[in-house]
Number of protein chains: 4
Amino acid sequence: MLKAAVLGATGMVGQIFIRLLNGHPWFEVTAVAASERSSGLKYSEAANWKLSTPIPENVADLEVLDVTPKAVKNVDLVFSALPADVAGKVEEDFAKAGYVVLSNASAHRMEPDVPLLNPEVNGDHISLIEEQRRKRKWDGAIVTNPNCSTAILTLALKPLYDGFGINRVIVSTMQALSGAGYPGVASLDIVDNVIPFIRNEEEKMQSESLKILGTPSKPADFKVSASCHRVATLDGHIEAVFTELKHEADPESVAKAMSSFVGEPQKLKLPTAPAKPIVVKKEEDRPQVRLDRMEGNGMSAVVGRIRKDPALGGVKFIVLGHNTIRGAAGCSILNAEYLKAKKYL
Amino acid sequence: MLKAAVLGATGMVGQIFIRLLNGHPWFEVTAVAASERSSGLKYSEAANWKLSTPIPENVADLEVLDVTPKAVKNVDLVFSALPADVAGKVEEDFAKAGYVVLSNASAHRMEPDVPLLNPEVNGDHISLIEEQRRKRKWDGAIVTNPNCSTAILTLALKPLYDGFGINRVIVSTMQALSGAGYPGVASLDIVDNVIPFIRNEEEKMQSESLKILGTPSKPADFKVSASCHRVATLDGHIEAVFTELKHEADPESVAKAMSSFVGEPQKLKLPTAPAKPIVVKKEEDRPQVRLDRMEGNGMSAVVGRIRKDPALGGVKFIVLGHNTIRGAAGCSILNAEYLKAKKYL
Amino acid sequence: MLKAAVLGATGMVGQIFIRLLNGHPWFEVTAVAASERSSGLKYSEAANWKLSTPIPENVADLEVLDVTPKAVKNVDLVFSALPADVAGKVEEDFAKAGYVVLSNASAHRMEPDVPLLNPEVNGDHISLIEEQRRKRKWDGAIVTNPNCSTAILTLALKPLYDGFGINRVIVSTMQALSGAGYPGVASLDIVDNVIPFIRNEEEKMQSESLKILGTPSKPADFKVSASCHRVATLDGHIEAVFTELKHEADPESVAKAMSSFVGEPQKLKLPTAPAKPIVVKKEEDRPQVRLDRMEGNGMSAVVGRIRKDPALGGVKFIVLGHNTIRGAAGCSILNAEYLKAKKYL
Amino acid sequence: MLKAAVLGATGMVGQIFIRLLNGHPWFEVTAVAASERSSGLKYSEAANWKLSTPIPENVADLEVLDVTPKAVKNVDLVFSALPADVAGKVEEDFAKAGYVVLSNASAHRMEPDVPLLNPEVNGDHISLIEEQRRKRKWDGAIVTNPNCSTAILTLALKPLYDGFGINRVIVSTMQALSGAGYPGVASLDIVDNVIPFIRNEEEKMQSESLKILGTPSKPADFKVSASCHRVATLDGHIEAVFTELKHEADPESVAKAMSSFVGEPQKLKLPTAPAKPIVVKKEEDRPQVRLDRMEGNGMSAVVGRIRKDPALGGVKFIVLGHNTIRGAAGCSILNAEYLKAKKYL
């Protein structure tokens, strides 16, 4: 068993990390760290635990540590659920101290020598770790997972990109409340409402998608436009995607390409890898957020309604994914498993 | 005062007709008609009234009539809130009997000699009435209003179409529950959920938009692709729109073109015409469904977040409109006012 | 393994029966029956499956049978999720044909020779089966489970009744949408709303509570008043309970009595029996519907906020339970397990 | 016109004050004050305006002042929407400076020389102003309105108290989100949930009810027990009330007593007084929060489902009221009108 620390352990994503790592076959949470306000408290006192399953027993009594390599010791890897403004510096400190940091924060995602890893899509980007270590002169590493909406989108786009080529992607999201953390969106702002704005989300989708679908050294060259909206769902981001493809593609071929797609995590049988990275639903009114978000234990992208796009000529479809699992902590854990399988841990 | 009948008066849209016509300066509801189940009852007994304002007194005691020209007599115009499958035949019967029928039903919308009227956008389409009368050999007329989502979309597109030219439009909707009528969507299907499918809605948006923005005799020639989704809001359809334009357009010019746009109903000062058909919001997180759906008494399209579209090259923006007012009964009433001003009533 | 039929298998409660019996150690669903509309179809075609877990494979392909003993053959016990108006006659037919019927319907609940069984509370009521067989001259039996709200309430009241005596109970419920079946409550009726009326629910709570807490031959003699309300939750009925007790009781003693309470199902280690029939939460703002409804796999009553009642002198508290599990199918299955342990199956 | 200041003007209740006073025939908002964070800004910049009607023009440009009598000058009366912890001292300062303060804060409500005024119920309590001035040696006055739930409850109880006598009242509330202010309840805490706890609310209902229904010098002597719960509605508190009465009362007599009830504000025709303080609905499923909360422009208590209480012997019923209007700002404004009619302003 490898010993894992969770930084930013008391927040929403930190809690998901702790729940998903409970009973994990390879990793065990032995250290939790958070901001000064919580530091020194028992985890069960510090965390405003919001999940319907209880705090795992082995974590409940851990003392919350400072988010410094000095305080967090004796661990083999570090998961970071830190807020973006804090993550930048702290994650570097841990990498300098020799730790591999699996980060859900956006701070380092777009840096050229940092893998932005959605492992079924771009597992080969881990080669950037060598470059990162050489350039930054550290023994550790920072490996990031994508923005929640982007993780889901790029998983669905991968077989399109490989099989048909992509010229343009338009995506319109309907995103869940848990994506804004806790307390996040005020109830008075969302009951009987849609908020058609999520700060920085469109920019992230537009830039991260290209990095992920590109090679380690060069972003993909298609065009992406996103419009992002908050709706009153608890978990699960659902996205309407419209594509212009390089090659003619009928909906059946696309469904087949998506449904049969597997990545390296599936071949390596990593513990958190879903059997099918993309589940294609045939019912005319699916995927639905509440019914389908837990497909593949929340690690699958669930696609439906694949049809010809009369404006762009390619296909349009719906994709749903679990934002705090595939879109955050689950993806980070899968990244860690992949690094271990590739001998980086 | 002109005497008006409402067909399909007991349903959701019928109720909105009755509420909006209450106190109308030109039209008075003097007859209500509905299916056999209701016929013969007092309106207040037949309608499962779902609005927070009470049934207008002059309507509450009306006897519900059969939906036939024989039963509905002594009226000057007819509003139809009939379901699509019934509307086809019934509306023709009324037109044959000499009535002008203002219809919210989809049955006749796409017929070449039937005006599909969103009067700020295509008031000149009323010239089709002559053709219709000639071809169908009747003295009445059928004039339809657009599908709810399309009424809102085309209002926002009009200044773009006129000012910059349109090549392609992609639209992704988040539509309110009232759009499905009553009982409509089961609560178990929508709490903590999004349903990414509304039967026939995408097809309607894709075809009706072109008819409305075209000339009376020829549809517009741009391309439209829609993806339609149901969310847990009560009223108000909000749409993410992405455009490719013929001419270069920066967001400021577009905002100006939209904000300054007026149509004939404004020039004619029609009672139901909003002062501004398009209200442009400047806040980064508006329009919001609950806060903005009643702009212009529910008759305005509310636009926000106009920005460059990095995939299509034109602009993308958000548009919100009230689906049962601008998108249904309110548009029909405005159509009637327009016909009266143009001496068709 | 005993072979089980589910009557009314396509409805909401029927679906829950099928999900809960999937993988059950003692019972296997080998027959499903429903109304004529579904009969003859494959279960997967007939049921509008609304759960987030898929239809169990062994059930998906079963042919839906008529709800008659003639059609449903070769089973060892029968679960009934029939609507009340159908259940009366059909369940009698099955009992006459020799089957033990575990019914969730209200039709027979208040008949003096029919056990109304919440097995931790009144397991001894199964002695009524003998009386029922003698009086009705049949070899089968009808055994009912309580109304959803009442099952939850009586579980919480049992230790109070035994330990302190009860004079009066006032209960105000906030009930979930799944309690109304599917399609049930229209979304337009419940978004941003509370409906303070559930037909027959108050009457059921007021009468069933006394039968359950009484002896097999005599209802309990305290007084109950209920007010029942529908709120916009998916699953889980939460109830505010106010009591006047025969003996002085401080909140701590009540908490202890509830928390330590076990019934015969726990002693018999029945598969569906929760370890703790009543879970007492100490946090000031619990139980909460979404966070706590799955306690004991949905079979526990979750109590919190036990405090002195300044008007009635006893205690007041909050109780939450899962309405389709403890309040319906789960209770019926526990009843079947209990009957089997007691050699009635 | 009297000039009015609103203290705590930027918060939720402050915004309601400003909306309700817009166009008021007697009072005009000429000064707004709030905490240091806002002070010095224009109101339209300082307030995170959350209402669907725009900020009244005459208020939008007002400079936000400090909440001190030194900063707030040239006004004739003061409305206070301050948070409880600030209100205590600040309201005293204004009273000392000679102002009549109409306060929605709880700080002074239970002080024996401060009127806790729900004017249809206990208009005579304004006689406490003399006592207050004598004892506190100030020329101004502090007059409070009740806690939101209590304002609604006591209005409904008044005709019962006068006509039948009350021994005990049990009340279980389902309260709207706006009652918690903004941002208030996190959306993640309330979607698909009920929170059965609102800090201090039960204590307030239990003590304030007795003060309001008593004489100026002595609380009423019946017993009250409350259980308070938050549900996912935007506005409108709905309460299930169970009563034990001194005298026999059948539901029809109670309905008649409630429906015919009027108070002094009605006799004085005060601008904000609803024609009927209590509206009794006859439909079996009313009042409903969304449909009925605006009865009497949000100033009426809406009662329904009056029925015999089988446990307490009196009647039980449902009462609904608008929490930020009758339960807060509207009541304060009605109090001001009442004071003016009684020559205290």
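The values are calculated or read from the model by the stated rules, or taken from the named source; none is laboratory data. Owing to the predicted nature of the structure, the values given are computational and were not obtained by experimental measurement. No Cβ is skipped: glycine too gets one built from the backbone with ideal geometry, and neighbour counts run over all protein chains shown.
Points worth noting:
- D:G163, sole failed condition from (1) under 30 Å from D:V67 (Cα atoms); (2) assigned by TED's automatic domain parsing to the domain that holds D:I238; (3) surrounded by fewer than 24 Cβ atoms within 10 Å (Cβ to Cβ): (1)
Residue-by-condition table, conditions (1) over 29 Å from C:R199 (Cβ atoms); (2) in contact (Cβ under 8 Å) with a residue 12 or more places away in the chain:
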residue: C:D235; (1), (2): no, yes
residue: C:A257; (1), (2): yes, yes
residue: C:Q288; (1), (2): no, yes
residue: C:L291; (1), (2): yes, no
residue: C:K308; (1), (2): yes, yes
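- Of the residues making up segment D:227-236, those that are touching a Lys or Arg at 6+ places or on another chain (Cβ under 7 Å) and more than 7 Å from every other protein chain (Cβ to nearest Cβ) number 2.
Yes/no matrix, rows are residues, columns are (1) out of contact with any helix residue (DSSP H, G or I) (no Cβ under 7 Å at 6 or more places or on another chain); (2) surrounded by fewer than 24 Cβ atoms within 10 Å (Cβ to Cβ); (3) within 16 Å of B:A329 (Cα to Cα); (4) touching a residue at least 12 places away in the same chain (Cβ under 8 Å):
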| residue | (1), (2), (3), (4) |
| --- | --- |
| B:A9 | no, no, yes, yes |
| B:V32 | no, no, yes, yes |
| B:E57 | yes, yes, no, no |
| B:A60 | no, yes, no, yes |
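- Consider segment A:91-122 and keep the residues that are crowded, with 24+ Cβ neighbours inside 10 Å and more than 18 Å from the chain's Cα centre (by Cα). The one that is nearest to A:G163 (Cα to Cα) is A:A95.
- Of the residues C:D309, C:D292, the single one that is of a type in the set (D, E), under 18 Å from C:P159 (Cα atoms) and at pLDDT 95 or above is C:D309.
- The single condition from (1) surrounded by fewer than 20 Cβ atoms within 10 Å (Cβ to Cβ); (2) in contact with a Leu (Cβ under 9 Å, 6 or more places away or on another chain) that A:F27 fails is (1).
- Test: residue in segment B:248-265 that is basic (K, R) and within 14 Å of chain A (Cβ to nearest Cβ): no
- Checked against (1) crowded, with 19+ Cβ neighbours inside 10 Å; (2) among the polar types (S, T, N, Q); (3) closer than 22 Å to B:S178 by Cβ, B:N200 meets all criteria but (1).
- Any hit, segment D:177-191, residues being more than 30 Å from A:L177 (Cβ to Cβ) and either in contact (Cβ under 8 Å) with a residue 60 or more places away in the chain or in contact with a Phe, Trp or Tyr (Cβ under 7 Å, 6 or more places away or on another chain) (or both): no
- Note on segment A:128-226: enclosed helices (runs of 4 or more DSSP H) holding 2 or more residues that are away from chain B (no Cβ under 14 Å) are A:128-136, A:148-163, A:201-213.
- Subset of segment D:237-247 [within 23 Å of D:G179 (Cα to Cα) and either more than 8 Å from every other protein chain (Cβ to nearest Cβ) or in contact with a Cys (Cβ under 7 Å, 6 or more places away or on another chain) (or both)]: D:H237, D:E239, D:V241
- Residue in segment C:46-64 that is within 19 Å of the chain's Cα centre (by Cα), of a type in the set (V, I, T) and more than 14 Å from chain A (Cβ to nearest Cβ) present: no
- Yes/no for D:S38 being surrounded by 20 or more Cβ atoms within 10 Å (Cβ to Cβ), hydroxyl-bearing (S, T, Y) and over 22 Å from the mean Cα position of the chain (by Cα): yes
- Positions within segment B:74-89 being surrounded by 15 or more Cβ atoms within 10 Å (Cβ to Cβ) and either hydrophobic (A, V, I, L, M, F, W, C) or touching a helix residue (DSSP H, G or I) at 6+ places or on another chain (Cβ under 7 Å) (or both), in sequence order: B:V75, B:L77, B:V78, B:F79, B:S80, B:A81, B:L82, B:V86, B:A87
- Verdict on A:G263 being touching a residue at least 60 places away in the same chain (Cβ under 8 Å) and out of contact with any helix residue (DSSP H, G or I) (no Cβ under 7 Å at 6 or more places or on another chain): no
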